[in-house]
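Everything below concerns the one structure shown next.
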Amino acid sequence: MKRYKVMNIVVLLLLIISFTDSCTKSAEVNLPDVMNEQDRAKLTVVVERTEYLPEIKTVETPLNDDEKAVLAKVVHAEASNQDMTGKRLVVDCVLNRVDCEYYPNHVFGVVLQDGQFVRAETYTQEDMEAVEREMEERLDYEIMYFRTGHYHGFGTAMYQHGDHYFSKE
């Protein structure tokens, strides 16, 4: 009978360890009915697993002054008649494209693509504030396109804010 108990305990320990190694944070295990209360009390298994998760950024990668200025010029040209949220969403469209593998990986490359974004010669403090606020925390990580009047014929329609209709891939 002792041999049977020891084998069950070993099998149980192996099951707990393999179960824990499969990325499960916790598990409930029923001990075999053949164990008496004393054996159950003696069996203490501590399995600890440390997972290293990537750090979640709350602040985006900083842009240099020239990149911020060109973004503020886009905001001024594309959203000068919009509220702060509308201005910030325009910045998100540019930054989300920068992060997307299908577009250039820098602000100038995205903004300067033919037929994509209009740029003004100047910008206001409010336009720059929209850029700065999006550098701290984006409102929307999905939107890639916007236009006035209606949604684009491509992408997936998301929502309208102010005069703009925003879409994702």
* Asked: Filtering segment 122-137 down to residues that are at pLDDT 95 or above and assigned to a loop (DSSP other than H, G, I, E, B), which residue is surrounded by the fewest Cβ atoms within 10 Å (Cβ to Cβ)?
  -> Thr122
* Asked: Could you say whether any residue in segment 139-162 is of a type in the set (A, V, I, L, M), surrounded by fewer than 17 Cβ atoms within 10 Å (Cβ to Cβ), within 16 Å of Asn96 (Cα to Cα) and within 18 Å of the chain's Cα centre (by Cα)?
  -> yes
* Could you please find all residues in segment 88-105 being assigned to a helix (DSSP H, G or I) and touching a Lys or Arg at 6+ places or on another chain (Cβ under 9 Å)? => Arg88, Val91, Asp92, Leu95, Asn96
* Asked: So Pro62 fits all but one of (1) modelled with pLDDT under 70; (2) part of a loop (DSSP other than H, G, I, E, B); what number is the exception?
  -> (1)
* Just give me the residues in segment 99-138 being over 14 Å from Lys168 (Cα atoms) and among the hydrophobic types (A, V, I, L, M, F, W, C), in sequence order. => Val107, Phe108, Val110, Val111, Leu112, Phe117, Val118, Ala120, Met128, Ala130, Val131, Met135
* Taking the stated definitions as given, is Thr85 β-branched (Val, Ile, Thr) and assigned to a loop (DSSP other than H, G, I, E, B)? -> no
* In segment 109-119, is there at least one residue being exposed (fewer than 15 other Cβ atoms within 10 Å of the Cβ), of a type in the set (D, E, K, R) and without any contact (Cβ under 8 Å) to a residue 40 or more places away in the chain? -> yes
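Yes/no per residue for (1) touching a strand residue (DSSP E or B) at 6+ places or on another chain (Cβ under 6 Å); (2) within 18 Å of Met135 (Cβ to Cβ); (3) modelled with pLDDT under 90:
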position: Val45; (1), (2), (3): no, no, yes
position: Lys68; (1), (2), (3): no, yes, no
position: Leu71; (1), (2), (3): no, yes, no
position: Asp92; (1), (2), (3): yes, yes, no
position: Leu95; (1), (2), (3): no, yes, no
position: Asp99; (1), (2), (3): no, yes, no
position: Val107; (1), (2), (3): no, yes, no
position: Val110; (1), (2), (3): no, yes, no
position: Gly115; (1), (2), (3): no, no, no
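The values are calculated or read from the model by the stated rules, or taken from the named source; none is laboratory data. Worth saying up front: this structure is predicted, and the values here are computed from it rather than measured. Don't worry about glycine lacking a Cβ; one is built from the backbone with ideal geometry, like all the others, and counts go over all protein chains shown.
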